[in-house]
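What follows draws every value from the coordinates through simple rules; no lab data is involved. All of these numbers come straight from a predicted model, not from anything done at the bench. Heads up, the Cβs are rebuilt from the backbone with ideal geometry, glycines too, and the neighbour counts pull from every protein chain shown.
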Amino acid sequence: MSRIDWERLHSVALIAMKKAYAPYSKFPVGVAALVDNGRIISGCNVENASYGLSLCAECGLVSDLIASGGGRLIAISCVDGQGNQLAPCGRCRQLLFEHGGPTALLMTDDGPQTMATMLPWAFGPDDLDRNER
Ligand code: THU
């Protein structure tokens with residue numbers, strides 16, 4: 001895998017953020033990721049009049065990942081309405097961990113961080129395997 005083009009991921013995340021449907025929070029979010037086969041995928045948040053049913057941008061990203069052929073997440077950039085890096089919510093860190101594992105990189109204000117750092121002591125697919133022994 002060649003060098004990660006973080007600038008491109010940031011600009012794709014911005015494009016996604018501009019498509020967000022966030023009339024209730026007025027907090028649009030966009031996310032883009034590099035997949036291990038070189039694809040770049042993206043997502044935006046989609047809210048609902050029943051606030052708790054709102055879909056985070058990362059939900060859309062994972063849906064795009066699977067619908068476009070699957071694969072593993074290598075690098076992820078998530079932005080808010082100002083284009084600042086956004087640290088994904090707890091539930092979404094779990095979603096990203098499922099599809100990228102501990103070594104996937106997430107851009108933060110402190111530079112790229114591994115998912116192992118962003119979600120320490122994560123529960124993941126390996127824990128289910130362990131239970132089957
Ligand atoms: N949101 C995301 O899309 N991703 C996150 O990781 C944090 C929060 C959305 C959900 C809601 O539409 C809005 O941001 C305000 O919480």
Please rank Leu95, Leu53, fewest neighbouring Cβ atoms within 10 Å first, as an exposure proxy. Leu53, Leu95
Which far-off residues, 5 or more places away or on another chain, put their amide H under 5 Å from the one on Thr108, with H placed in the peptide plane? Gln113
So how far apart, in nm, are the two label points at Trp121 and Ser68 if each is 7 Å from Cα heading toward Cβ? 3.5
Distance between modelled label sites at Lys18 and Asp110, nm, 7 Å Cα→Cβ extension: 3.2
Compare the peptides 5-15, 32-42, 116-126, 55-65 by average per-residue count of other Cβ atoms within 10 angstrom and give them in order, highest first. 55-65, 32-42, 5-15, 116-126
Where a ≥ b ≥ c are the square roots of the eigenvalues of the C-alpha gyration tensor, would you call the range 6-132 rounded, which needs a/c under 1.5, or, failing that, prolate if a/b is larger than b/c, or oblate? prolate
Taking 0.36 nm per residue of sequence separation and subtracting the Cα-Cα distance, how much length would be gained by fully extending the chain between Asn48 and Phe27, in nm to one decimal? 6.3 nm
Could you give the dipole magnitude of the range 6-132 about its Cα centre, charging the beta-carbon of Lys and Arg +1 and that of Asp and Glu -1, in debye to the nearest 20? 420
Along the charge dipole of the chain, pointing to its positive end and built from +1/-1 on Cβ of Lys, Arg, Asp and Glu, which listed residue (Gly90, Ser50, Ile4) has its Cα farthest out? Ser50
